[in-house]
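Below is one structure, written out as structure tokens; comments come after it.
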């Protein structure tokens with residue numbers, strides 16, 4: 001049975017912060033349906049979310065501890081968390097898959113918060129949500145996405161410690177690039193070798209590994225690998241979201257195979273300069289829009305179609321805020337973000353560069369080991 | 001750039017089948033928001049779904065090919081699929097994250113299908129869905145979960161080939177149990193060793209690996225591993241959902257470390273007998289409820305709180321149908337399912353046993369290599 005990822009005080013602190021915001025927003029309770037939030041507030045961590053068969057609920061009242069309303073199969077694991085009040089039903093159910101039980105728990109609340117905004121999903125059947133709304137005729141559902149995202153943006157020192165550890169594991173894995181990757185290796189074999197290396201270095205899982213290879217750059221940054229062999233002169237990029245105790249790193253590295261052309265070297269240097277510019281101003285008080293702006297200035301007219309130059313990072317691969325022109329989120333000490341400028345390199349090719357940092361009073365702290373200033377040739 | 005997982009004819013066939021059902025159900029178009037369905041109908045496969053930052057849409061009209069309505073970052077990868085009509089927007093967006101674009105595509109349809117039922121989620125912000133509904137005032141949304149689930153239950157021979165291949169990879173990995181697992185090994189190190197073995201044997205990813213260890217049995221079956229060392233007499237269980245080209249295997253194996261007590265041996269034999277009973281009747285025409293019933297009869301009063309004894313399997317770890325008392329789905333040749341009986345073994349301990357099969361005319365075909373009839377001691 002898994003150990004708790006954090007001491008109880010961590011969860012008490014998270015609860016205190018959200019309840020403070022709930023009182024300010026006049027929210028009586030929040031209903032959570034999604035993996036990230038149920039893990040954040042209850043400490044319930046399992047890969048079982050891969051199965052869509054059963055819904056899971058956490059009700060967080062404005063006073064008192066959260067109440068888990070979950071399928072019986074999860075009772076034992078939930079019992080190991082700091083949650084005391086665990087209500088279960090036999091799921092899957094023929095007709096009523098937890099909805100009347102959930103309705104009874106929510107029945108006394110009038111203004112119920114729900115994640116409805118940016119980056120959220122409703123992780124339960126919409127038909128069941130409609131039934132729930134009908135059951136709770138006197139209640140209204142209000143969006144708490146901004147409130148909850150804002151709380152999650154600020155990481156505790158315990159969270160930063162874990163993210164730092166997985167970033168170090170990924171950095172150590174990338175350090176072995178010259179033994180892992182070689183001319184003639186199929187791209188999917190390069191991916192496989194890197195996943196194994198990450199696990200050997202201490203990663204618990206590698207839920208995310210994307211990348212590409214090509215002369216000067218690669219065609220996109222979200223594809224699974226094919227079996228094309230790496231050629232001399234290719235730029236190989238691997239972008240990994242490996243995890244430790246459910247927390248992600250998220251950064252990439254570029255390597256040239258045997259040699260690199262000038263276009264690749266120049267693009268790499270430009271992206272390096274862009275992250276330097278962002279690192280120079282990533283301080284409490286600066287905004288995400290300002291980070292975007294200094295990177296965009298370095299990249300000029302060669303911007304890619306990725307849409308943003310970084311994002312929050314934590315128990316999800318990407319979290320709020322976005323490093324983008326319209327995100328006016330003000331940086332605070334304790335935020336963990338990625339700096340991820342990307343650019344086009346000639347017709348239909350792109351390059352991307354990424355670092356993970358934590359905002360500190362003064363200079364930011366790099367969690368990923370800083371990439372080499374010039375494109376490494378392996 | 002990833003290769004297509006299937007020839008175009010496979011997708012044409014999927015489209016034909018769903019459009020036939022749409023005509024019968026008087027559905028003008030279906031809106032898909034979720035990974036599984038967008039992969040099934042478009043062939044769009046990426047780990048980028050790990051990022052919740054952007055919504056993705058596929059509109060499937062009752063006549064003609066599907067239309068992708070997606071963030072710009074996905075245009076290149078979607079361009080490698082069989083989809084021709086790809087509409088993109090710059091995402092994340094300050095205010096309108098694809099909703100007016102999606103509204104314009106859906107504007108001409110009156111009855112719009114949406115996955116709203118069992119096992120579905122709304123993989124877009126609920127607030128945006130409410131805006132979409134307001135934009136499409138003359139349209140009504142109707143649940144197509146049963147229709148789509150029913151189509152996906154029947155696997156093509158190309159799908160079965162991939163699932164069979166990943167089952168073989170997992171079977172080969174389990175064959176090496178006696179060199180991978182040993183007394184004194186920490187449980188999380190056993191998990192790590194098994195993940196690496198799966199990758200070496202040819203798995204592309206290991207999105208799901210759960211399990212447990214203990215005398216007679218384990219406390220639950222969805223926990224992440226802790227660092228408790230394996231002891232002599234422990235039953236070690238590993239349950240893996242490894243993937244190949246995005247398709248899952250899902251089965252477990254039990255091993256006794258050095259020795260096994262009688263309770264463990266008896267429970268193992270009971271579960272083996274239960275799967276034998278299910279294999280004996282798993283034929284076209286039998287129902288899921290009947291499969292459940294023959295297994296429940298073998299297990300008797302020792303049933304666990306898992307709630308079901310198997311499920312569908314394919315591009316998700318678990319799919320419909322459920323092997324449960326109330327699921328009257330009639331088995332057909334080409335369905336891929338798991339048989340997964342579980343039972344209590346004394347106070348608070350359980351054991352689970354799982355096989356993957358494809359329903360054929362006549363006897364079912366085992367995709368996992370049949371477990372040993374007696375608890376293997378390693």
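Scan B:222, B:166 and give me the residue that is out of contact with any helix residue (DSSP H, G or I) (no Cβ under 6 Å at 6 or more places or on another chain) and touching a residue at least 12 places away in the same chain (Cβ under 8 Å).
Only one candidate qualifies: B:166.
Residue by residue, here is whether (1) assigned to a helix (DSSP H, G or I); (2) over 26 Å from residue A:75 (Cβ atoms); (3) within 14 Å of chain A (Cβ to nearest Cβ) holds:
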site: B:148; (1), (2), (3): yes, yes, yes
site: B:171; (1), (2), (3): yes, yes, no
site: B:191; (1), (2), (3): yes, no, yes
site: B:195; (1), (2), (3): yes, yes, yes
site: B:200; (1), (2), (3): yes, yes, yes
site: B:220; (1), (2), (3): no, no, yes
site: B:225; (1), (2), (3): no, no, yes
site: B:232; (1), (2), (3): no, yes, no
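Got at least one residue in region B:31-39 being within 26 Å of residue A:145 (Cβ to Cβ), touching a strand residue (DSSP E or B) at 6+ places or on another chain (Cβ under 7 Å), free of Cβ contacts under 8 Å to residues at least 60 places away in the same chain and crowded, with 22+ Cβ neighbours inside 10 Å?
yes
Would you mention how many residues in region B:319-349 are closer than 17 Å to residue B:235 by Cα, at pLDDT 95 or above and within 10 Å of chain A (Cβ to nearest Cβ)?
1
Please pick out the residue among B:307, B:314, B:285, B:362 that is farther than 30 Å from residue B:180 by Cα and buried (at least 17 other Cβ atoms within 10 Å of the Cβ).
Every option except B:307 fails the conditions.
Would you point out which residue out of B:141, B:129 is part of a helix (DSSP H, G or I), modelled with pLDDT of 95 or more and assigned by TED's automatic domain parsing to the domain that holds residue B:95?
The conditions single out B:129.
Is it fair to say residue A:208 is in contact with a helix residue (DSSP H, G or I) (Cβ under 8 Å, 6 or more places away or on another chain), at the interface with chain B (Cβ under 7 Å from one of its Cβ atoms) and at pLDDT 95 or above?
Taking the combined requirement at face value, the residue satisfies it.
Select from region A:234-282 the residues that are crowded, with 22+ Cβ neighbours inside 10 Å, part of a helix (DSSP H, G or I) and in contact with a strand residue (DSSP E or B) (Cβ under 7 Å, 6 or more places away or on another chain) and list them in ascending order.
Answer for region A:234-282, where residues must be crowded, with 22+ Cβ neighbours inside 10 Å, part of a helix (DSSP H, G or I) and in contact with a strand residue (DSSP E or B) (Cβ under 7 Å, 6 or more places away or on another chain): A:264, A:267, A:268, A:271, A:275, A:278.
Can we say residue A:307 is modelled with pLDDT under 95, in contact with a strand residue (DSSP E or B) (Cβ under 9 Å, 6 or more places away or on another chain) and not in a strand (DSSP E or B)?
Answer is yes for this residue.
Residues to consider are A:53, A:94, A:36; find the one that is within 10 Å of chain B (Cβ to nearest Cβ) and at pLDDT below 95.
When all the criteria are applied, what remains is A:94.
The rows are residues; the columns are (1) without any contact (Cβ under 8 Å) to a residue 40 or more places away in the chain; (2) within 28 Å of residue B:96 (Cβ to Cβ).
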residue	(1), (2)
B:113	no, yes
B:119	no, no
B:126	yes, yes
B:135	yes, yes
B:170	no, no
B:178	no, no
B:184	no, no
B:196	yes, no
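Would it be correct to say that residue A:74 is within 7 Å of chain B (Cβ to nearest Cβ), in a helix (DSSP H, G or I) and free of Cβ contacts under 8 Å to residues at least 40 places away in the same chain?
The answer is yes for residue A:74.
Within region A:170-184, restricting attention to residues that are surrounded by fewer than 17 Cβ atoms within 10 Å (Cβ to Cβ) and in contact with a helix residue (DSSP H, G or I) (Cβ under 8 Å, 6 or more places away or on another chain), which residue is farthest from residue B:190 (Cα to Cα)?
That would be A:176.
Inspect region A:4-21 for any residue being out of contact with any strand residue (DSSP E or B) (no Cβ under 8 Å at 6 or more places or on another chain), in a helix (DSSP H, G or I) and within 14 Å of chain B (Cβ to nearest Cβ) and give the result as yes or no.
no
Do we find that residue B:294 is touching a strand residue (DSSP E or B) at 6+ places or on another chain (Cβ under 9 Å) and either free of Cβ contacts under 8 Å to residues at least 60 places away in the same chain or within 11 Å of chain A (Cβ to nearest Cβ) (or both) in this structure?
No, not satisfied.
Touching a helix residue (DSSP H, G or I) at 6+ places or on another chain (Cβ under 9 Å) and closer than 30 Å to residue B:47 by Cβ: which single residue out of B:313, B:291, B:331 fits that description?
B:313
Every residue, every condition in (1) in the same structural domain as residue A:42 (by TED's automatic domain parsing); (2) assigned to a loop (DSSP other than H, G, I, E, B); (3) within 21 Å of residue B:221 (Cα to Cα), yes or no:
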residue	(1), (2), (3)
A:80	yes, yes, yes
A:83	yes, yes, yes
A:88	yes, no, yes
A:91	yes, yes, yes
A:95	yes, yes, no
A:102	yes, no, no
A:105	yes, no, no
A:108	yes, yes, no
A:120	yes, yes, no
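The values are calculated or read from the model by the stated rules, or taken from the named source; none is laboratory data. Everything quoted here is computed from the prediction, not taken from an experiment. No Cβ is skipped: glycine too gets one built from the backbone with ideal geometry, and neighbour counts run over all protein chains shown.
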